[in-house]
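Below you'll find the structure, written out as structure tokens, and then a few comments.
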Amino acid sequence: MNALHLKRAISVCAKSGVIAYPTEAVFGLGCLPLNQESVNKILKLKDRPVDKGLILVAFSIEELESFVDFSKVEHNRQEINKSWPGPVTWLVPAKPETPNWLTGIHDTLAVRVSAHPLVRDLCEKLGPIVSTSANPSSAEPAKSNQAVREYFLNDIDYVIPANISNDLRPTEIRDGQSGNIVRFS
């Protein structure tokens, strides 16, 4: 990815903005997870209720430790570690201080260490970021920056002009406590 695009995306996030960026399977909407104003903007854009919760993507497991308690999924830790970096999202018990605008009504938080080079670059510089598909709740996820623009016109602060890793459906989600698949990829 062009260093200029990465620098611009980082700057936008740091200034409470919302970005659209490619992930493994679809374009995502993202922001800094502790910026409630930015998270609320994403929820409004998607017409998504806050009670559903969101996903955080990160560069490393260590980046997620301030949001989730991996000790509560120790029996599945090897499986989690084996799946990352990669396209598997895990539901892990949230720490008490994790904001409910991230967890929704759940006591878990969806987290993933991404294998997508652009997402990894963003997270290495910013820390974890929100990742939710770039689409209104009733529409198919965007798979190109053009599709993002068609959905949201100029309501996104910055759309990174890059490609998704593949043409798969959204990533698999697994329950960290049971190991069960919640959503197939």
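The values are calculated or read from the model by the stated rules, or taken from the named source; none is laboratory data. As the structure is a prediction and not an experimental result, all values here were calculated from the model. Cβ sites come from the backbone with ideal geometry, for glycine too, and all protein chains shown count toward neighbours. Side chains are part of the model used for accessible areas, which takes the heavy atoms of the whole protein and leaves out ligands, DNA and RNA. Shrake-Rupley method; radii C 1.70, N 1.55, O 1.52, S 1.80 Å.
With the full set of protein chains in place, find how many percent of the accessible area of the chain is carbon and sulfur; take the probe as 1.4 Å.
That fraction is 49 percent.
If you take every DSSP beta bridge fully contained in region 56-125, what fraction is antiparallel? Give it as a percent rounded to 5.
Percentage antiparallel, nearest 5: 60.
Per residue, how large is the accessible surface of the chain? Use a 1.4 angstrom probe and give square angstrom. Don't jump to the answer; show the numbers that get you there.
Values: 8910 Å² over 185 residues.
Value for the chain: 48 Å² per residue.
Once you keep just the Cα pairs under 8 angstrom separated by 6 or more residues, what percentage relative contact order results for region 24-157? Could you put the intermediate results ahead of the total?
Numbers: 237 pairs, mean separation 53.3, N = 134.
Reported relative contact order: 40 percent.
Given the rule -39500 (n - 2.57) for each run of at least 4 DSSP H residues, summed and divided by the residues of the chain, what is its mean residue ellipticity at 222 nm, to the nearest 500 deg cm²/dmol? All intermediate terms of the calculation are to be shown ahead of the outcome.
Values: 7 runs with 56 residues, N = 185.
Taking each H run of at least 4 residues, the total per residue is -8000 deg cm²/dmol.
Report the trypsin sites (Lys or Arg not before Pro) located in region 104-155 that are in a DSSP loop and have at most 13 other Cβ atoms inside 10 Å of their Cβ, or state none. Each step should come with its number before you reach the end.
On the way: sites: R112, R120, K125, K143, R149; in loops: K143.
Hits after loop and neighbour filter: nothing returned.
Is the shape of region 55-143 rounded, prolate or oblate, going by the alpha carbon gyration tensor and its root eigenvalues a ≥ b ≥ c, with a/c under 1.5 for rounded and a/b larger than b/c for prolate?
Working: a/c = 1.58, a/b = 1.19, b/c = 1.32.
Here region 55-143 falls in the oblate category.
From the protein chains alone at 1.4 Å, what is the descending order of accessible area for H116, H75, H106, H5, largest first?
Numbers: H116 10, H75 125, H106 90, H5 50 Å².
Largest accessible area first, the list is H75, H106, H5, H116.
With an 8 Å Cα cut-off and a minimum separation of 6 or more residues, compute the relative contact order for region 58-110 in percent.
Working: 46 pairs, mean separation 20.7, N = 53.
So the answer I get is 39 percent.
When only alpha-carbon atoms are used, what values of Rg and Dmax, in angstrom, describe region 52-99?
That works out to 10.5, 28 Å for Rg and Dmax.
Given region 21-101, report the % of alpha carbon pairs whose separation exceeds 17 Å.
Details: 1703 of 3240 pairs.
Tail fraction, whole percent: 53.
Under the rule of at least 5 residues apart or a separate chain, name every residue whose amide H is placed under 5 Å from the amide H of V68.
K95
Can you list the residues, at least 5 places off or on another chain, whose amide H is less than 5 Å from the amide H of I55, using H built in the peptide plane?
S131
Tell me, in nm to one decimal, what length is gained between K15 and A3 on full extension, where the rule is 0.36 nm per residue of separation less the Cα-Cα distance? Walk me through the numbers on the way to the answer.
On the way: separation 12, 0.36 × 12 = 4.32 nm, distance 1.84 nm.
That works out to 2.5 nm of additional length.
Run through all the Cα pairs of region 113-160 and give the fraction in each 10 Å bin from 0, expressed as whole percent.
So the P(r) values, bin by bin, are 23, 48, 29, 0.
For F27, what residues show an amide H to amide H distance below 5 Å, using hydrogens built from the backbone and excluding near sequence neighbours?
Counting only residues 5 or more places away or on other chains, the set is A134, A142, K143, S144.
Within region 1-93, count lysine pairs with alpha carbon atoms under 23 angstrom apart where the residues are 8 or more positions apart or belong to different chains.
9
Only bridges whose two residues both fall in the chain count here: according to DSSP, what percent of them are antiparallel, nearest 5? Please list the in-between numbers first.
Details: 16 of 26 bridges.
If we restrict to bridges inside the chain, about 60 percent are antiparallel.
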